[in-house]
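**Student:** Structure in structure tokens, see below.
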Amino acid sequence: MAWATAAEVKSAINFPTTGAPVSDADIATFITDAQVEVEQIYGTKFGNVETSGTASSGAASSLTKTGAGWTVDAYADMVVYIVSGTGSGQYRSISSNTAEVLTVTPNWTTNPANDSVFRIMTLGYRADSVDGTGNDTMFVEHQPLINLVALTINSTTITPAYVYKTLAAGKLELSSSAEASSFTDTTPQLIAIKYVYGVYPFPRPIKRLCICIAAIKTLMAQIAGTYDDFTTVSLPAGFNASKGEPYMNIKSSLDYLQREARGIVYGSEGDQLAVDFKKVPVYRPFMMFG
């Protein structure tokens, strides 16, 4: 499920609902491209809820919803979250799916059952082997941290509940109850960590930013096509003439959308910046959208 619809993009630029100069299929592509750009701007994932429901059953590495009618592998590489019921609070990466069954990794700690309410979301999942720090604290590479799924230090399994977590910063700190006292660094890559990261709930300003960028792409496509988009004009003495669609009419909308997009990314500093989305959002980080 995309973050926005073609109808929402067209509404942002007052495009006609039928007979628009850019097709809905092209706008859908622009939305997908915009989603990728937004994730690149912020360097994280955003947890849009793709679908939800109640499980029919579960096994060690799967969740079944009878009659779901899912498209095969439509949710591969997304994350499933058990919201309530049996196994609540667990996050797992979806490795594949059939029409009714999600296959997850790693295995569930508690298998889902027929009362497990779940959501499938576009969050990020990492399974990394990294160097230790030599002390009781380390940071995960991707933030914000949402859930520590599994942690092993030098082949010793650490109970995630025994690790203090600062979610926004991705900080992990071993408690006195943890099965190890430090993130050992005697040799490289002794730390095996599996975790879910991203921003959830999905922030409304991020949806609007996606719409703005997709709308900019749509207007640029319209401009590129105006060479054969003519308006007939009546002249004195019975003469008629045709002219191309005025570029300035479209450019004013482009300018507005660019200012709004910069405002979302950079806050009050947006209007002082050039039209460049490929830079770190120093003024308005993703944490402010939560």
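The values are calculated or read from the model by the stated rules, or taken from the named source; none is laboratory data. These numbers were taken from a predicted model, which means no experiment stands behind them. Counting neighbours? That spans all protein chains shown, and the Cβs are built from the backbone with ideal geometry, glycine included.
**Student:** Does ASN135 satisfy being free of Cβ contacts under 8 Å to residues at least 60 places away in the same chain and under 30 Å from ALA68 (Cα atoms)?
**Tutor:** Against the criterion (free of Cβ contacts under 8 Å to residues at least 60 places away in the same chain and under 30 Å from ALA68 (Cα atoms)), ASN135 does not qualify.
**Student:** Taking ARG92 as the residue in question, decide whether it is of a type in the set (D, E, K, R), out of contact with any Lys or Arg (no Cβ under 6 Å at 6 or more places or on another chain), in contact (Cβ under 8 Å) with a residue 60 or more places away in the chain and surrounded by 14 or more Cβ atoms within 10 Å (Cβ to Cβ).
**Tutor:** Criteria not met by ARG92.
**Student:** Further question: If we scan region 82-89, do we find a residue that is in contact with a Lys or Arg (Cβ under 8 Å, 6 or more places away or on another chain), at pLDDT 95 or above, of a type outside the set (Ser, Thr, Tyr) and surrounded by fewer than 21 Cβ atoms within 10 Å (Cβ to Cβ)?
**Tutor:** yes
**Student:** Could you please find all residues in region 120-137 being in a loop (DSSP other than H, G, I, E, B) and surrounded by 14 or more Cβ atoms within 10 Å (Cβ to Cβ)?
**Tutor:** THR122, LEU123, ASP131, GLY132, THR133, ASP136
**Student:** Another question, if that's okay. Could you please find all residues in region 120-144 being polar (S, T, N, Q) and touching a Gly at 6+ places or on another chain (Cβ under 7 Å)?
**Tutor:** Passing the criteria: THR122, GLN143.
**Student:** If you go through region 78-115 one residue at a time, how many are among the hydroxyl-bearing types (Ser, Thr, Tyr), within 20 Å of ASN48 (Cα to Cα) and outside any strand (DSSP E or B)?
**Tutor:** Here the count works out to 1.
**Student:** Which of (1) buried (at least 19 other Cβ atoms within 10 Å of the Cβ); (2) at pLDDT below 80 does SER234 not meet, given it meets every other one?
**Tutor:** Result: SER234 fails condition (1) only.
**Student:** Just give me the residues in region 99-119 being surrounded by 14 or more Cβ atoms within 10 Å (Cβ to Cβ), touching a Gly at 6+ places or on another chain (Cβ under 6 Å) and of a type in the set (Ser, Thr, Tyr), in sequence order.
**Tutor:** SER116
**Student:** Return a yes/no flag: does region 190-203 have any residue that is of a type in the set (D, E, K, R), in contact with a strand residue (DSSP E or B) (Cβ under 6 Å, 6 or more places away or on another chain) and within 24 Å of ARG119 (Cβ to Cβ).
**Tutor:** yes
**Student:** Here's another thing I want to ask about it. What strands (runs of 3 or more DSSP E) completely inside region 138-185 contain at least 1 residues that are touching a Pro at 6+ places or on another chain (Cβ under 8 Å) and either more than 26 Å from LYS45 (Cβ to Cβ) or without any contact (Cβ under 8 Å) to a residue 60 or more places away in the chain (or both)?
**Tutor:** 145-153
**Student:** Among ALA178, ALA221, which is among the aliphatic types (A, V, I, L, M) and surrounded by 17 or more Cβ atoms within 10 Å (Cβ to Cβ)?
**Tutor:** Within the list ALA178, ALA221, the selection yields ALA178.
**Student:** Still on this structure: For region 141-168, what are the residues that are surrounded by 14 or more Cβ atoms within 10 Å (Cβ to Cβ) and more than 16 Å from TYR200 (Cβ to Cβ)?
**Tutor:** If the condition is that a residue be surrounded by 14 or more Cβ atoms within 10 Å (Cβ to Cβ) and more than 16 Å from TYR200 (Cβ to Cβ), then ALA150, LEU151, THR152, ILE153, ASN154, ILE158, PRO160, TYR162, VAL163, THR166 are the ones that fit.
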